[in-house]
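Heads up: the structure comes next, in structure tokens.
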Amino acid sequence: MKSHVWRPLYVALGIIALLLVLRVFLVPNDFGVSEQGYMYGWHRTSNEAEWKKVTVKYKGSEACKECHEKNYNDITSSPHADIGCENCHGPLLNHPEDPEKLSIDRNRELCLRCHLKLSYKTSDRGNLKGINPETHNAGSKCVQCHAPHNPGQLGQKQEVKK
Amino acid sequence: MNRREFCKKSLLIAGGLVVPLSALELFNPERLLAEKNDKSKTRWVFLVDTHKCVGCGFCVKACKTENEVPYDANVTRTWVERYVITNDGKAHIDSPKGARDGFQSAKLDQNHAGMEEIKEEDIAKAFFVPKLCNQCENPPCVQVCPVGATYKTNNGVVLVDRKWCIGCGYCIMGCPYSVRFFHPVYHVAEKCNFCYHRISQGMKTACVDACPFGARQIGNLKDPKDPVTKVIMNERVNVLKDEYGTKPQVFYIGLPREVK
């Protein structure tokens, strides 16, 4: 047979060879099948370790207790006991090095997350004390009258930092 | 000792030696159940109590910060839906910004249709349902990935390889629960991974730690003593879209039929 018939075959074989060579360089060594089989475990195994390395930002209220024991005890003996410190004060990160100071969310919206009145009888939300933000001292901050660490007592006027 | 007696006794001793110690151990049904399918000692599962959820959205806030999902982008790994079922049987659903700031109005946010007001006397039932990745036993999102960028770990969590993902979006379309989205920064598929960096060092997920009401719990289904396992095994729990055959591993207490 004439050579022009064979030529496309040589080209095709050449492309396949090139792809196989490229594959060696491009596909990572740890790419393969894990115990989960071809359908669910066909992946780069070192990726699992990469996900484990993500920085933990929220460290839990117990970490706050080490230095702020009084504040910790105040809130844990109040009706707000179950609310973690970081929900209002933000994530601990590497405090006190970075950030040196944590912010405090004093917006009405923070309190309204739970205390907007929603009379949903079939949900625990219906049992929470709530207000209508349009009629209940609109515009003023909740912490002017309510102490978040001791919400049981009313009329605890606090100085509101700007 | 005669010959007959000698043979009898040696056979008895040899027979006794052959019986391994493990054969004398009584069957432990709990252990058998745990080891039935595979040898992995962990299978992470999630338990949500829809009665306890009040829709504060602290879970969404914590999740977005912990997992570096841009805070103001309207995408989130977990979200909370509000269901208000009126007396005529109609379900009114909303989830403004995925409830990142909770629900700041009694009116329901219907996007372009505006805010929907529902009179209190018309409400038959109303409740909140947190949603997150179901870490399915048969994850359809993993099956459709053409490059092997998403996979299931041996402890049941489905992960995405950000370096390997080509951003084709097949998995986003394939997930029946719509938990996947494009990460606005990395432009690859993104999803809840049960805070893999936290659970693998013995911590709880950020959303579980943030929830003040105990509506969210994470547990190991392979551990029969885990309180979450006990609830899943002994109480009436349900899963989302069971009929799809994906075997979702997020279990709900008090899941009504209106929730899809």
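Surrounded by fewer than 21 Cβ atoms within 10 Å (Cβ to Cβ) and closer than 20 Å to A:Lys53 by Cβ - does that describe any residue in the range B:163-182?
Within the range B:163-182 (the criterion being surrounded by fewer than 21 Cβ atoms within 10 Å (Cβ to Cβ) and closer than 20 Å to A:Lys53 by Cβ), the answer is yes, since at least one residue qualifies.
Among the residues of the range B:101-117, write down those that are open to solvent by 20 Å² or more (accessible area, probe 1.4 Å), within 30 Å of B:Phe46 (Cβ to Cβ) and part of a loop (DSSP other than H, G, I, E, B).
Within the range B:101-117, B:Asp101, B:Gln104, B:Ser105, B:Ala106, B:Gln110 meet the criteria.
Filter the range A:42-52 down to the residues that are open to solvent by 30 Å² or more (accessible area, probe 1.4 Å), facing chain B (nearest Cβ under 7 Å) and either in contact (Cβ under 8 Å) with a residue 24 or more places away in the chain or of a type outside the set (A, V, I, L, M, F, W, C) (or both) and list them by number.
Within the range A:42-52, A:Glu48, A:Lys52 qualify.
I'm trying to understand the selection: among the residues of the range B:205-236, which are open to solvent by 40 Å² or more (accessible area, probe 1.4 Å) and within 13 Å of the chain's Cα centre (by Cα)?
Listed by number, the residues that qualify are B:Gln217, B:Leu221.
Which residues, taken from the range B:195-204, are in contact with a strand residue (DSSP E or B) (Cβ under 8 Å, 6 or more places away or on another chain) and open to solvent by less than 20 Å² (accessible area, probe 1.4 Å)?
Residues satisfying the conditions are B:Tyr196, B:Ile199.
Exactly one condition in (1) touching a helix residue (DSSP H, G or I) at 6+ places or on another chain (Cβ under 8 Å); (2) over 17 Å from B:Arg77 (Cβ atoms); (3) open to solvent by less than 40 Å² (accessible area, probe 1.4 Å) is not met by B:Pro139; state its number.
(2)
Six or more apart or on different chains, Cβ under 9 Å: which pairs go from a residue in the range B:151-176 that's away from chain A (no Cβ under 14 Å) to one that's open to solvent by 30 Å² or more (accessible area, probe 1.4 Å) and among the charged types (D, E, K, R)? Could you list them?
Qualifying pairs under 9 Å: B:Pro176/B:Lys241.
Could you tell me which of the residues B:Arg82, B:Arg77 is crowded, with 16+ Cβ neighbours inside 10 Å and part of a strand (DSSP E or B)?
Being crowded, with 16+ Cβ neighbours inside 10 Å and part of a strand (DSSP E or B) holds for just one of B:Arg82, B:Arg77, which is B:Arg82.
Considering each of B:Val60, B:Val48 in turn, give the residue that is farther than 22 Å from A:Cys111 by Cα and open to solvent by less than 50 Å² (accessible area, probe 1.4 Å).
B:Val48
Can you tell me which residue within the range B:63-73, out of those that are more than 22 Å from the chain's Cα centre (by Cα) and more than 15 Å from B:Ala210 (Cβ to Cβ), is most open to solvent (accessible area, probe 1.4 Å)?
B:Asp72
Using the structure shown, decide if A:Val27 is surrounded by 15 or more Cβ atoms within 10 Å (Cβ to Cβ) and without any contact (Cβ under 8 Å) to a residue 60 or more places away in the chain.
Answer is no for this residue.
Which condition from (1) under 28 Å from A:Ala81 (Cα atoms); (2) touching a strand residue (DSSP E or B) at 6+ places or on another chain (Cβ under 9 Å); (3) in a loop (DSSP other than H, G, I, E, B); (4) open to solvent by 10 Å² or more (accessible area, probe 1.4 Å) is the one that B:Val259 breaks?
Among (1) under 28 Å from A:Ala81 (Cα atoms); (2) touching a strand residue (DSSP E or B) at 6+ places or on another chain (Cβ under 9 Å); (3) in a loop (DSSP other than H, G, I, E, B); (4) open to solvent by 10 Å² or more (accessible area, probe 1.4 Å), B:Val259 violates only (1).
Yes or no: B:Ala210 within 30 Å of A:Leu128 (Cα to Cα), facing chain A (nearest Cβ under 10 Å) and hydrophobic (A, V, I, L, M, F, W, C)?
yes
Of all residues in the range B:85-100, which are part of a helix (DSSP H, G or I) and open to solvent by less than 30 Å² (accessible area, probe 1.4 Å)?
Hits for the range B:85-100 are B:Gly98, B:Ala99.
Does A:Val33 fit the bill of being at pLDDT below 90, open to solvent by 50 Å² or more (accessible area, probe 1.4 Å) and touching a strand residue (DSSP E or B) at 6+ places or on another chain (Cβ under 7 Å)?
yes
With the condition kept exactly as written, say whether any residue in the range A:59-76 is of a type in the set (Asp, Glu) and either touching a Leu at 6+ places or on another chain (Cβ under 7 Å) or farther than 22 Å from A:Asn150 by Cα (or both).
no
Which one of the conditions (1) under 29 Å from B:Arg216 (Cα atoms); (2) facing chain A (nearest Cβ under 10 Å) does B:Val147 fail to meet, given that it meets all the rest?
For B:Val147, the exception is condition (1).
In the range B:109-144, which residues are within 7 Å of chain A (Cβ to nearest Cβ) and either under 29 Å from B:Val185 (Cα atoms) or touching a residue at least 60 places away in the same chain (Cβ under 8 Å) (or both)?
Hits for the range B:109-144 are B:Lys125, B:Phe127, B:Phe128, B:Pro139, B:Val142, B:Gln143.
Restricting to the range B:33-58, and then to whatever is at pLDDT below 95 and not basic (Lys, Arg), can you tell me which residue is nearest to B:Cys195 (Cα to Cα)?
Applying the filter and picking the extreme gives B:Thr42.
Answer with yes or no whether B:Lys61 is of a type in the set (Lys, Arg) and modelled with pLDDT under 95.
So B:Lys61 does not fit the description; no.
The values are calculated or read from the model by the stated rules, or taken from the named source; none is laboratory data. Remember, it's a predicted structure, so these values are computed and weren't measured experimentally. Glycine also receives a Cβ, built like all others from the backbone with ideal geometry; neighbour counts cover every protein chain displayed. What goes into the accessible areas is simple: the full protein's heavy atoms, side chains included, and nothing from ligands, DNA or RNA. Shrake-Rupley method; radii C 1.70, N 1.55, O 1.52, S 1.80 Å.
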